Protein chains: 2
Amino acid sequence: MPIKLGVLVSGRGTNLQSIIDKSVSSLIAAEVAIVISDKPNAYALTRAREAGVPAMYIDPRTDKPILTGEAEDDYIRFLKDCHVNLVCLAGFMRILKGKFIREFKWKIMNIHPALLPSFRGLSAQKQALDRGVRFSGATVHFVTENVDKGPIILQAVVPVYQDDTEESLSKRILLEEHRIYAEAIDLFAKGQLEVRDNRVIIGGGNG
Amino acid sequence: MPIKLGVLVSGRGTNLQSIIDKSVSSLIAAEVAIVISDKPNAYALTRAREAGVPAMYIDPRTDKPILTGEAEDDYIRFLKDCHVNLVCLAGFMRILKGKFIREFKWKIMNIHPALLPSFRGLSAQKQALDRGVRFSGATVHFVTENVDKGPIILQAVVPVYQDDTEESLSKRILLEEHRIYAEAIDLFAKGQLEVRDNRVIIGGGNG
C-alpha cells in the first residue's frame, strides 16, 4: 500500500508535478492525498486538479511568512482528515511552527536548492552564484523549527559554471531536486529513514 | 620559468609534501622557494629539509592564533627576500592580518577541508559528520582578512558515508586537497586567475 502524502505549495509546483508523476507511474510507494496552498491562485493547485488530486486553498490569515495558530489548526486538521503519513513542502513559503512540527514529528520533509548548511533561506541559487562556489546542489531534509537546519536526508551535487545565470543554475538544480525528493519519499514510505542525534540513518528501519 | 612559492606550515605538512612532489616532477609551474613555520618542531620543516627546500622557524611572538606586528614583518621580509610570487598556507594555524594581506594582495592561497561556505573554522570534517551532510569536500581560496571567506578558486566534492569517522573522511578529503591545491597553484602560475567582485574568474588572465 502506498503511503499518503500531503503536499504544501505556494507557487508553480514543479516539485509537486514531479511527485505526482512518479506516484502515478508507481516509481514511488506514495500517492498524493491532498495539496494545500496558502495562495488561492498558486499554479500548483491547477496542476493538482488537472491530475485529479484534491487541492485546496487555506487562508494563512497573516501577511507574515507564517501561519496563525488558527490557520495552523486548519492545516493540521485537513491533513489528518486525509490520513496523511508524510507532509511534503514543495515551495511552501511559510515557516511552520512548534505545534505543526510536533503533530507531524519527523514526518515533514522539505527540499532546498543548495547544499545545506550552505545558503539557507531565500534565493539560494543566487547566494551560490554571488559567493562564487564551484559546486552547489539540493538537499532534502526533515523540517524542524529551525528553518533549513533539520536532519539531512539526501543531497545532490551540481557544478556551477562561470557563465551560469540564476536561471541556468536553478534549472540544473531543479532536476536534482526532483530526483532526490522522490527518492527520499520512497525511502520514507519503505520505513528506511531513522533520525538519530539529529542525523538521518538510511536503512535503519524495518522496510 | 616556474614561479616561486612560500609555504607557511604549522603541522605535519602533507599538503606541503604534495606541492613539493608535484613541483619536482614539473606537474606544476612552481617551485617551493621557502617554507616557514610558526612551530619550531613542525614535521613539515623536516619534510622540506629532506627535499632540499630552505625551511625556517619564525617565532610568532604570541600564544594567540595570530602573528604580532613584529613577527608579521619578519614573515613578510623573508618571503620578499626569497622573491616569492605566491604564498601558500598549508595547515598554517594563525590568522593573517591586514598588513600581510595587503603586501600579498590576491597572492595568498589557503586550502580548507570542506565545501565553503559550509563548515568554516576548525575541525571542518567533524563539523560535516555532526551535521549529517551527504557530501563534503575541499576548497582552495584566496586569503582575505575574513577567515575562510575569501574568493573561491577551486572546489572538490567527496561523498560522506554513514560509517565514516573523522579519520576516514579526512583521508578522502585530503586526496582532493592535494589535487586541487596543485591545480590552483598551476593556474595562478600561468596567469589564469583573476579576482572580480570577490569571485575568481578562471582563464581571464594572459597565461
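The values are calculated or read from the model by the stated rules, or taken from the named source; none is laboratory data. Here the structure is a predicted model, which means the values were calculated and not measured. As a convention, Cβ positions derive from the backbone with ideal geometry for all residues, glycine included, and neighbour counts pool all protein chains shown. Heavy atoms of the whole protein, side chains included, go into the accessibility calculation; ligands, DNA and RNA do not. Shrake-Rupley method; radii C 1.70, N 1.55, O 1.52, S 1.80 Å.
Per the listing B:LEU187, B:LEU174, B:LEU154, the residue uniquely touching a helix residue (DSSP H, G or I) at 6+ places or on another chain (Cβ under 9 Å) and under 18 Å from A:TYR161 (Cβ atoms) is B:LEU154. Would it be correct to say that A:GLY91 is away from chain B (no Cβ under 14 Å), in contact (Cβ under 8 Å) with a residue 24 or more places away in the chain and either surrounded by fewer than 18 Cβ atoms within 10 Å (Cβ to Cβ) or over 14 Å from A:GLU176 (Cβ atoms) (or both)? Yes: the conditions hold for A:GLY91.
Going by what's in this entry, would B:LEU67 be described as in contact (Cβ under 8 Å) with a residue 24 or more places away in the chain, more than 14 Å from chain A (Cβ to nearest Cβ) and within 16 Å of the chain's Cα centre (by Cα)? Considered against the rule, which asks whether it is in contact (Cβ under 8 Å) with a residue 24 or more places away in the chain, more than 14 Å from chain A (Cβ to nearest Cβ) and within 16 Å of the chain's Cα centre (by Cα), B:LEU67 comes out as no. The strands (runs of 3 or more DSSP E) found wholly in segment A:1-63 and carrying at least 1 residues that are more than 20 Å from A:ASP74 (Cα to Cα) occupy A:3-9, A:30-37. Being hydroxyl-bearing (Ser, Thr, Tyr), over 24 Å from A:VAL32 (Cα atoms) and not assigned by TED's automatic domain parsing to the domain that holds A:MET1, is that true of even one residue in segment A:136-144? Yes: one or more hits. Kindly provide the set of residues from segment A:98-111 that are within 30 Å of A:GLU166 (Cβ to Cβ) and open to solvent by 10 Å² or more (accessible area, probe 1.4 Å), ordered by number. A:ASN110, A:ILE111, listed by residue number.
Tell me yes or no: at least one residue of segment B:160-172 is more than 9 Å from chain A (Cβ to nearest Cβ), of a type in the set (Lys, Arg), within 29 Å of B:ARG196 (Cβ to Cβ) and surrounded by fewer than 20 Cβ atoms within 10 Å (Cβ to Cβ). No. Scanning segment B:144-163 for residues that are farther than 15 Å from B:PRO113 by Cα and of a type outside the set (S, T, N, Q) yields B:GLU145, B:PRO151, B:TYR161, B:ASP163.
In this structure, B:GLU194 qualifies as assigned to a strand (DSSP E or B), more than 10 Å from every other protein chain (Cβ to nearest Cβ) and more than 13 Å from the chain's Cα centre (by Cα).
Tell me, which residue of segment A:118-136 that is buried (at least 19 other Cβ atoms within 10 Å of the Cβ) and on the phi > 0 side of the Ramachandran plot is nearest to the other protein chains (Cβ to nearest Cβ)? Out of the qualifying residues, it is A:GLY132. Here the condition is being within 16 Å of the chain's Cα centre (by Cα), under 26 Å from A:GLY98 (Cα atoms) and either among the hydrophobic types (A, V, I, L, M, F, W, C) or open to solvent by less than 10 Å² (accessible area, probe 1.4 Å) (or both); of A:ILE36, A:ILE76, it holds for A:ILE36 alone.
Please go through segment B:137-149 and give me each residue that is open to solvent by less than 30 Å² (accessible area, probe 1.4 Å) and at the interface with chain A (Cβ under 10 Å from one of its Cβ atoms), ordered by number. B:GLY137, B:THR139, B:VAL140, B:HIS141, listed by residue number.
Considering only residues that are more than 14 Å from chain A (Cβ to nearest Cβ) and among the aliphatic types (A, V, I, L, M), which ones fall in segment B:180-191? Of everything in segment B:180-191, those that are more than 14 Å from chain A (Cβ to nearest Cβ) and among the aliphatic types (A, V, I, L, M) turn out to be B:ALA182, B:ILE185, B:ALA189. Restricting attention to segment B:94-106 and to residues that are in a loop (DSSP other than H, G, I, E, B), touching a residue at least 40 places away in the same chain (Cβ under 8 Å) and away from chain A (no Cβ under 14 Å), the residue that is farthest from B:SER170 (Cα to Cα) turns out to be B:LYS97. Of everything listed in (1) open to solvent by less than 40 Å² (accessible area, probe 1.4 Å); (2) outside any loop (DSSP other than H, G, I, E, B); (3) in contact (Cβ under 8 Å) with a residue 40 or more places away in the chain, the single unmet condition for A:LEU115 is (2).
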